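Novice: Sharing a structure below in structure tokens format, with a few things to ask.
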Amino acid sequence: QVQLVESGGGLVQAGGSLRLSCAASGSIFSITRMGWYRQAPGKQRELVAQITSGGRTNYADSVKGRSTISADNAKNTVYLQMNSSKPEDTAIYYCNAFLRPIGGSGWYDHWGQGTQVTVSS
């Protein structure tokens, strides 16, 4: 069993900052990539940012320059710092990990339950 637990969501004013955390735990052999996705009402889930175990990062154009993704590989934890928040950042944010479980032979995507972020104008 693998669990991803997010924290840090909530209400933030436009122009403010937020920091999300996600910790993966359970029967994990190795994690190669972690990231954040978001889904706004009536829209498809979209990538926000990703980070590989080697530290390579990738950002959506909509958050590039005002967001930073980081990870603590020893703790299987990923963070998202978002500054200059906008109302259009309002969404449910989901943590994602691409990992190999203990005793498993393949690599799989795992998802957290999601955390609501609301940016008020």
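Novice: For a quick check, take a GNM of the chain with Cα springs below 10 Å and name the residue from Thr52, Thr32, Thr90 with the largest mean-square fluctuation.
Specialist: Thr32
Novice: Now, a different point. Please compute the Kirkwood hydrodynamic radius over the stretch 1-67, one decimal place, Å, based on all pairs of different Cα atoms.
Specialist: 13.9 Å
Novice: Once the chain is represented by equal point scatterers at the alpha-carbon sites, with solvent omitted, what log10 I(q)/I(0) does the Debye formula produce at q = 0.10, 0.13, 0.16 Å⁻¹?
Specialist: -0.28, -0.47, -0.70
Novice: Need one value: the accessible area of Ile102 in square angstrom, 1.4 angstrom probe, rounded to the nearest 10.
Specialist: Probe radius 1.4 Å; accessible area of Ile102 about 110 Å².
Novice: Using a 7 Å offset from the Cα along the Cα-to-Cβ direction at both Asp61 and Thr118, what is the distance between the two label points in nm, to one decimal?
Specialist: Result for the modelled spin labels: 3.0 nm.
Novice: Please list Asp72, Asp89, Asp61 in order of solvent-accessible area, largest first, computed with a 1.4 Å probe with all protein chains present.
Specialist: Sorted descending by solvent-accessible area, the residues read Asp61, Asp72, Asp89.
Novice: Sequence neighbours fewer than 8 away in the same chain don't count; with that in mind, list the aspartates and glutamates whose C-alpha is under 20 Å from Lys75.
Specialist: Glu6, Asp109
Novice: Ok, one more. Give me the accessible area per residue for the stretch 9-121, probe 1.4 Å, as a whole number in Å².
Specialist: Result: 53 Å² of accessible area for each residue.
Novice: Relative to a virtual label point 7 Å from the Cα of Gln13 in the Cα→beta-carbon direction, which members of the stretch 79-121 show backbone nitrogen distances below 18 Å?
Specialist: Once the point is set 7 Å along Cα→Cβ of Gln13, 82-90, 118-121 turn out to lie under 18 Å by backbone N, inside the stretch 79-121.
Novice: Using a cut-off of 16 Å between alpha-carbon atoms, which lysines can reach Lys86, once sequence neighbours fewer than 8 places away in the same chain are excluded?
Specialist: Output for Lys86: Lys64.
Novice: Charges at C-beta only: +1 for Lys and Arg, -1 for Asp and Glu. How large is the resulting dipole of the chain about its Cα centre, in Debye rounded to 20?
Specialist: 140 debye
Novice: Summarise the accessible area of the chain (1.4 Å probe, protein heavy atoms) by the percent that is carbon and sulfur.
Specialist: Heavy-atom surface of the chain belonging to carbon and sulfur, 1.4 Å probe: 46 percent.
The values are calculated or read from the model by the stated rules, or taken from the named source; none is laboratory data. Owing to the predicted nature of the structure, the values given are computational and were not obtained by experimental measurement. Virtual Cβ from ideal backbone geometry, glycine too; neighbours counted across all protein chains shown. Accessible surface areas use protein heavy atoms only, side chains included; no ligands, DNA or RNA. Shrake-Rupley method; radii C 1.70, N 1.55, O 1.52, S 1.80 Å.
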